[in-house]
Amino acid sequence: MLDDIWVDDSVLALRPDFAVLIVTAHGLRNGPTDDRSRAWLEAASAVEVQTDKIDAWKDAYKAFGAKPQRTRPSVDALTRRMPLPEINQVVDAYNSISVKHALPIGGEDLDRYDGPARLVRATGEEVSEEALGQPEPGEVIWRDDIGVTCRRWNWRQVVRTRLTEETTNAIFLLERLEPMSLEELKQAGEELCDLLSELSPEVRLASRLVSGGK
């Protein structure tokens, strides 16, 4: 699946600087928040918010007609929820990396996917969960063969692919815009992999950087 994930050229036309680091994890062991994952959240909460990176995402939202004050980029919404919420160990891990680097990260249950993930401009006719509403034509969405997996680039994910304590195979989407460098993106990915390996020493990890339509 990793090699089949793609970003549509129409999305790159909006933001040619976009890149996504995809990490897959097989053999995870998840569980409720514990002292270890709580410490990760507390450390991330103490980091100064990097507003320049968040502002880049607000500009990207405006480019396809979204109002970032109404439907905020995921990392913007997360940094406004201090102290960071406790969800479960794996979600705590990627949320801590997201806030530390001002980097939108989506984490989803790979076994709930049907076909590869792809980032596209919506037609307005996609299948979407009722709670999320229907994407507007031209909106940037993540989707699979069933339908929408995340609306408005990284605003909100569907329940279908949510990471739970029973999740054993997961996919993480680390999304970058300038001024974040590709080097920092890769560093954030390595840090996430370190946390996942700490949670699950036997986990099998793989990654791929997608940018420029490749």
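Please treat every number below as a calculation from the coordinates, not as lab data. Computed from a prediction, not measured in an experiment: that's the story for all the values here. Don't worry about glycine lacking a Cβ; one is built from the backbone with ideal geometry, like all the others, and counts go over all protein chains shown.
Once the range 125-146 is narrowed to residues that are among the hydrophobic types (A, V, I, L, M, F, W, C), touching a strand residue (DSSP E or B) at 6+ places or on another chain (Cβ under 9 Å) and in a loop (DSSP other than H, G, I, E, B), the residue that is surrounded by the most Cβ atoms within 10 Å (Cβ to Cβ) is LEU132.
Among the residues of the range 147-167, those that are outside any strand (DSSP E or B) and surrounded by fewer than 16 Cβ atoms within 10 Å (Cβ to Cβ) comprise VAL159, THR164, GLU165, GLU166. Taking VAL127 as the residue in question, decide whether it is aliphatic (A, V, I, L, M) and more than 15 Å from the chain's Cα centre (by Cα). Yes; evaluated as a whole, the condition is true for this residue.
Kindly provide the set of residues from the range 55-82 that are free of Cβ contacts under 8 Å to residues at least 40 places away in the same chain, among the charged types (D, E, K, R), out of contact with any Pro (no Cβ under 8 Å at 6 or more places or on another chain) and closer than 12 Å to TRP155 by Cβ, ordered by number. The answer is LYS67, ARG70. Candidates in the range 194-214 are the residues that are more than 14 Å from THR24 (Cα to Cα) and outside any loop (DSSP other than H, G, I, E, B); of these, the one that is nearest to the chain's Cα centre (by Cα) is SER211. Taken together, the residues in the range 111-124 that are buried (at least 20 other Cβ atoms within 10 Å of the Cβ) and within 15 Å of ILE22 (Cβ to Cβ) amount to 2. Per this entry, ASP144 is not counted among residues that are over 16 Å from the mean Cα position of the chain (by Cα) and closer than 16 Å to ALA170 by Cα. The set of residues in the range 1-58 being farther than 25 Å from GLY212 by Cα, out of contact with any Ser or Thr (no Cβ under 6 Å at 6 or more places or on another chain) and among the aliphatic types (A, V, I, L, M) consists of ALA39, ALA43, ALA46, VAL47.
Scanning the range 168-188 for residues that are in a loop (DSSP other than H, G, I, E, B) and closer than 14 Å to LYS100 by Cα yields a count of 1.
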